[in-house]
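This report concerns only the one structure given below.
The values are calculated or read from the model by the stated rules, or taken from the named source; none is laboratory data. Here the structure is a predicted model, which is why all the values come from computation and not from measurement. In this analysis, Cβ positions are derived from the backbone assuming ideal geometry, glycine residues included, and neighbour counts consider all displayed protein chains.
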Amino acid sequence: MKKILLIAMGLAFCAGPAGAELKVITASTDLKYICERIGGDLVKVESMASGSQDLHMVEPRPSMVFKLKKADMVVRVGLDLDMWLDSLINAAKNGRLFYGQLGYVDASAGVPLLEKPEGKVDASMGDIHIYGNPHYWLDPANAKVMARNILAGLKRAMPDQTAKFDANYAEFVKDTDTKLDEWTRRMAPLKGLKIITYHSSWPYFASRFGLMVAGHIEPKPGIPPSASHLDSLLKKMKAENIRVILTESYYPRKGPDFLAGKTGAAVVTAPVSVGGEDGVKTYFDVFDHVVAGLEKAVAGN
Amino acid sequence: MKRFMLMFLFAAITPCAIAQDSAAPSSGTPPQGMRGTPANLPDISLIGVIDGHVSSEKSDDTRNRLEFNEIETAFQGYIYPEMKADVFLALHKHDGTYESEICEAKVSFLRLFEGLSAEVGKIHVDFGKLNKAHSHVRSMTDQPAVLTNFLGGHSLNPQGGTLKYLLPLPFYAQLQAGAWQGAPHEHHVDGERTAEVTDTGNNNVDVVLAPEDSSEFSPADKIYTSRLNASFPLSAGTELELGTSFLKGKGSHYEHHKDDVKIAGADFTLKFWPTTYKRLTLQGEYMHLIRSVPVGTFKRDGLYAFANYRLSKYWDLGARFDYAENAFPDITFERDYSLIATRHLTETTTLRAQYKYINLSGDKAKEGWIQLTFGLGPHSHELE
């Protein structure tokens, strides 16, 4: 009996003592950043995906189950982008994190969606997202909606800390508005600029700053570029004098470099999340990098 | 078995009542299994597998054909808070004819209490790494010979239930135990062939041989399984999973053979992600079978080693080595070498080619396989 008690005590010790801070798991590093801003020192946040990963393609690992098992709250991107999270949440058997429970936060709730398909949707359209384009965090204005959802989740988990969370949220919104004004001002000369993007990751960004996405390296979402598709893009770029290709940092450079070589267009490789490139340490850094890259490309042209 | 059932029922009923009370309002996108909610429909999907092969073995009457091998339809959804139902119906070709089968039909109790879940129904048993995985999820056109020889030509999927417990340790570790009823004569194991052999006491006795052209064997009757697996992140981009499994049951013709079967297994999976789309997987499984028949006990071994490198978002290259003895008294072995290339067309559609060099106790053959796997609709499996 003594042995059993000792083993049980040992296991309990290994499992770690319950801390006062809230353990939060996020799907992406952008959500982690926002969560840390709202939660402050009351939260300990970990992201499942790294900033350089394609969120469509994150491979669930048992170690992720372990993290979710101990978590008080999970924050997901939603809109089918992080479908890999469902099997992880189920495997973690943590009742707090199931859909509809107190620790479940979908950051996409309330975001005005773009490219929401109408009518029949099937794989002839590529890897289409049935609820709309899920790259909504690339409009910095949507950060306020994401932050509001996280705020609501944190308040549910720690109702006695509402005032602190509200203050942090207000500060984050203020910072977002300040940066948004700066980016809007810097992007104003680029309004109406036609660009080619690799994947359909940038409609929210383009809509916010008045860019025109004229085409994608991928013929359809998730479908690799064919020679004939690149050829048609080449003709389009020449005909419409498109001089900028914007590509996510994790996609192959072969297609963009081919088009750039033939047209003289500049390729802007941009991080889509915190940690997506060296020096991109905050959510605001993501846009600083993209805006600077576009400014440089246009200046070079 | 009765005790297990009673404990399970008690545990199952209690937390569901609690779960119903604690449900909170939610917003945002519904997760898998809830996409059909507006129409009150489950997630409905279909997976199709078309394949064919050429072979140097002229007696192989299934060669030189390209045909539908399997269709798997799935109906998945929630039936109660924290209770999910997944039904997978399969239509697959065996010996030239299409046969329908309940591939899996299970209800999952996602959380009985903290860290504990359960599944009941007809289930792919969690034994080793690959038995659980549906064929379309595997990175190969066929299954390793050791699975065919010890667990059956299709995954071992008896009726019963299993409890899974995440151990309170500072790393991922899950312990599970299951009790099952496996139907005899499943997986087309033919027990008509017999031979006279000398037993350990120098007596001549009749024993059942492996069926013609097959060394397929499958446990049946009352089957008890357990598995312990743990995972260790070695770095941010490297993870090692270790597992051990045990099975106790009878043979698929136990009413004639009066045999008891025990299988012990050990497996490892090492995954390394150097960049977003690159991944190296090294995986291996070893199984040791002990089959006791009235005239004595014989022991058999089998293993596979698999290496797979994802070199881009669209391409995988793999190699596999198989060694497996049969589960019958007249010992034979199979030693295979495979090379596999997979092209990912979309997230759900793949085109695969596999070259296989087969050595069946000295009889050698070469095979070339091609396989197209496609998916329609939202289809998901639990973490494998």
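Assorted remarks:
- Residues in the range B:113-133 that are crowded, with 20+ Cβ neighbours inside 10 Å and of a type outside the set (Val, Ile, Thr): B:Ser117, B:Ala118, B:Glu119, B:His124, B:Asp126, B:Phe127, B:Gly128, B:Lys129, B:Leu130, B:Asn131, B:Lys132.
- Criterion: within 12 Å of chain B (Cβ to nearest Cβ), of a type in the set (S, T, N, Q) and touching a residue at least 40 places away in the same chain (Cβ under 8 Å) - qualifying residue of A:Ser87, A:Ser28, A:Ser52: A:Ser52
Results for (1) crowded, with 17+ Cβ neighbours inside 10 Å; (2) at pLDDT below 80, shown as yes or no for each residue.
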position	(1), (2)
B:Lys2	no, yes
B:Gly33	yes, yes
B:Thr37	no, yes
B:Pro42	yes, no
B:Asp60	no, no
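- Out of B:Phe75, B:Phe88, B:Phe109, B:Phe68, sole residue that is part of a strand (DSSP E or B), within 14 Å of another protein chain (Cβ to nearest Cβ) and of a type in the set (A, V, I, L, M, F, W, C): B:Phe109
A quick yes/no check of all residues on (1) away from every other protein chain (no Cβ under 14 Å); (2) part of a helix (DSSP H, G or I); (3) out of contact with any Leu (no Cβ under 6 Å at 6 or more places or on another chain):
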{"residue": "A:Ala188", "(1), (2), (3)": "yes, yes, yes"}
{"residue": "A:Ala206", "(1), (2), (3)": "yes, yes, yes"}
{"residue": "A:Gly215", "(1), (2), (3)": "yes, no, no"}
{"residue": "A:Glu218", "(1), (2), (3)": "no, no, yes"}
{"residue": "A:Asp231", "(1), (2), (3)": "yes, yes, yes"}
{"residue": "A:Lys236", "(1), (2), (3)": "yes, yes, yes"}
{"residue": "A:Tyr250", "(1), (2), (3)": "no, no, yes"}
{"residue": "A:Lys262", "(1), (2), (3)": "yes, yes, no"}
{"residue": "A:Gly279", "(1), (2), (3)": "yes, no, yes"}
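- Pair list, Cβ under 7 Å, 6 or more apart: the range B:268-279 residue farther than 13 Å from B:Glu239 by Cβ, other residue in a strand (DSSP E or B): B:Tyr277/B:Arg310; B:Lys278/B:Arg310
- Residues (more than 15 Å from A:Glu218 (Cα to Cα) and among the β-branched types (Val, Ile, Thr)) located in the range A:247-268: A:Thr263, A:Val267, A:Val268
- Residue ID - farthest from the other protein chains (Cβ to nearest Cβ), chosen from residues in the range B:224-273 that are of a type in the set (Lys, Arg) and over 21 Å from A:Ala91 (Cα atoms): B:Lys258
- Given (1) buried (at least 22 other Cβ atoms within 10 Å of the Cβ); (2) assigned to a loop (DSSP other than H, G, I, E, B), number of the condition A:Lys120 does not satisfy: (1)
- Residues of the range B:148-159 satisfying the condition of being crowded, with 23+ Cβ neighbours inside 10 Å and touching a residue at least 60 places away in the same chain (Cβ under 8 Å): B:Thr148, B:Asn149, B:Phe150, B:Leu151, B:Gly152, B:His154, B:Leu156, B:Pro158
- The range A:267-287, subset buried (at least 19 other Cβ atoms within 10 Å of the Cβ) and of a type in the set (Gly, Ala, Ser), residue nearest to A:Tyr198 (Cα to Cα): A:Ala270
- Checking each residue in the range B:245-271 for being out of contact with any Ser or Thr (no Cβ under 9 Å at 6 or more places or on another chain) and either farther than 16 Å from B:Ser218 by Cα or among the aliphatic types (A, V, I, L, M) (or both) picks out only B:Phe268.
- Look at (1) within 14 Å of chain B (Cβ to nearest Cβ); (2) within 30 Å of A:Gly300 (Cα to Cα); (3) surrounded by fewer than 21 Cβ atoms within 10 Å (Cβ to Cβ) and you find that A:Leu180 fails only one, number (1).
- In the range A:69-80, residue farthest from the chain's Cα centre (by Cα) [restricted to those that are more than 7 Å from chain B (Cβ to nearest Cβ) and crowded, with 24+ Cβ neighbours inside 10 Å]: A:Met73
- Scanning the range B:322-367 for residues that are at pLDDT below 90, within 20 Å of the chain's Cα centre (by Cα) and not β-branched (Val, Ile, Thr) returns B:Asn326, B:Ala327.
- Residue that is more than 27 Å from A:Ser226 (Cα to Cα), crowded, with 21+ Cβ neighbours inside 10 Å and of a type in the set (D, E, K, R), where the choices are B:Glu255, B:Glu325: B:Glu325
- Test: residue in the range B:295-308 that is surrounded by 15 or more Cβ atoms within 10 Å (Cβ to Cβ), farther than 30 Å from A:Pro224 by Cβ and basic (Lys, Arg): yes
- Consider the range B:112-143 and keep the residues that are in a strand (DSSP E or B) and hydrophobic (A, V, I, L, M, F, W, C). The one that is nearest to the chain's Cα centre (by Cα) is B:Val120.
- If the condition is being in a strand (DSSP E or B), of a type outside the set (S, T, N, Q) and either within 14 Å of chain A (Cβ to nearest Cβ) or more than 30 Å from A:Pro60 (Cβ to Cβ) (or both), then the range B:334-354 contributes B:Glu334, B:Arg335, B:Tyr337, B:Arg343, B:His344, B:Leu351.
- Residue list for the range B:116-155, filter: modelled with pLDDT under 90 and touching a Lys or Arg at 6+ places or on another chain (Cβ under 9 Å): B:Ser155
- Residue within the range A:131-146 that is in contact with a Gly (Cβ under 6 Å, 6 or more places away or on another chain), closer than 30 Å to A:Glu21 by Cα, surrounded by fewer than 21 Cβ atoms within 10 Å (Cβ to Cβ) and within 14 Å of chain B (Cβ to nearest Cβ) present: yes
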